[in-house]
Amino acid sequence: MSSDEQDWTEQRGRMVKDQLKRRHIQDQAVLQAMATVPRERFVPRRYQNAAYADSPLPLPAGQTISQPYIVAYMLQSLQLEPHFKVLEVGTGSGYAAAILSYLVRQVFTIEWHAQLVAYAERRFLDLQLHNVHVRQGDGTLGWPEEAPFEAILVSAGGPEVPPNLRQQLTIGGRLVIPVGVESHQQELFCVIRDTETRWSRRNLGPVAFVPLRGEQGWDRNKVHGH
């Protein structure tokens, strides 16, 4: 292992210890995946030295890579199992999808911005993450031909829970999504499909995500400047 690789490995270890375990991230599979995936490969080169900082970082197309704790918290809240097929809405850099690739059988991830699709695809290829499938499109409509999903992760904030995504959950499946009437200020919700026709949800606390683009996101609801 080169000295640079050793340094990154140590930074990942500190992130897991100081940012995740201290804030009650207890899912061992999530902790192990986040100690393994090289986050420095997913941030733009100019921000690489801050890859393991306890904060979000800028990405191309005006997007962000979420702070490590939020990624871990959302994934822990999904209660993932190795046999799951998971949908992610908002690929961004590809970091969360890369973490998911270590946790579940198949990952299907959708990104609105073509520039970020190419950005993420390069990283999936470099890291040989063969169970991640990415496409450009409207994530609020889901991925109908691959539904249903045991878990859905939405990495952007919408004005409501997109009905299409709720319908693409299995019975007992979980959907974690930021929801709020302000486009950059939301509450994080875990939505559980209890039956064919009933869903329940739990508030996981305040968050701030980029706006969810698409037919069932902010492109339909033009409020607060969007």
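The values are calculated or read from the model by the stated rules, or taken from the named source; none is laboratory data. In this text the structure is predicted, and so the values were computed from the model without any measurement. Cβ placement follows ideal geometry from the backbone for every residue including glycine, while neighbour counts extend to all protein chains displayed.
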Exercise. Consider residue 150 carefully, then state whether it is charged (D, E, K, R), outside any loop (DSSP other than H, G, I, E, B) and surrounded by 19 or more Cβ atoms within 10 Å (Cβ to Cβ).
Key: yes
Quiz item: Only one residue in 157, 142, 173, 180 is modelled with pLDDT under 95 and either farther than 20 Å from residue 218 by Cβ or under 16 Å from the mean Cα position of the chain (by Cα) (or both), so which one is that?
Solution: 157
Practice problem: Just give me the residues in the stretch 87-103 being surrounded by fewer than 24 Cβ atoms within 10 Å (Cβ to Cβ) and touching a strand residue (DSSP E or B) at 6+ places or on another chain (Cβ under 7 Å), in sequence order. | Solution: 101
Quiz item: If you check every pair at least six apart or on different chains, which have Cβ atoms under 8 Å apart with a residue in the stretch 118-138 that is farther than 14 Å from residue 43 by Cβ first and a residue that is among the small types (Gly, Ala, Ser) and exposed (fewer than 15 other Cβ atoms within 10 Å of the Cβ) second?
Solution: 136/114
Quiz item: For the stretch 8-22, does any single residue satisfy the condition of being under 18 Å from the mean Cα position of the chain (by Cα), buried (at least 20 other Cβ atoms within 10 Å of the Cβ), outside any helix (DSSP H, G or I) and on the phi < 0 side of the Ramachandran plot?
Solution: no
Exercise. Could you list all residues from the stretch 1-59 that are among the small types (Gly, Ala, Ser), over 25 Å from residue 81 (Cα atoms) and in contact (Cβ under 8 Å) with a residue 24 or more places away in the chain?
Key: 51
Self-check item: Residues (more than 16 Å from residue 78 (Cα to Cα) and small (Gly, Ala, Ser)) located in the stretch 171-215
Solution: 180, 183, 208, 214
Self-check item: Exclusive hit being surrounded by fewer than 20 Cβ atoms within 10 Å (Cβ to Cβ) and touching a Ser or Thr at 6+ places or on another chain (Cβ under 6 Å), set 164, 131
Solution: 131
Exercise. Mind telling me which of the residues 61, 50 ends up being over 12 Å from residue 99 (Cβ atoms) and out of contact with any helix residue (DSSP H, G or I) (no Cβ under 8 Å at 6 or more places or on another chain)?
Key: 50
Quiz item: When residues of the stretch 189-222 are filtered for being of a type in the set (Val, Ile, Thr) and either loosely packed, with under 12 Cβ neighbours inside 10 Å or not in a strand (DSSP E or B) (or both), how many remain?
Solution: 3
Quiz item: How about the stretch 86-126: which of its residues are of a type in the set (S, T, N, Q) and not in a loop (DSSP other than H, G, I, E, B)?
Solution: 101, 106, 109, 115
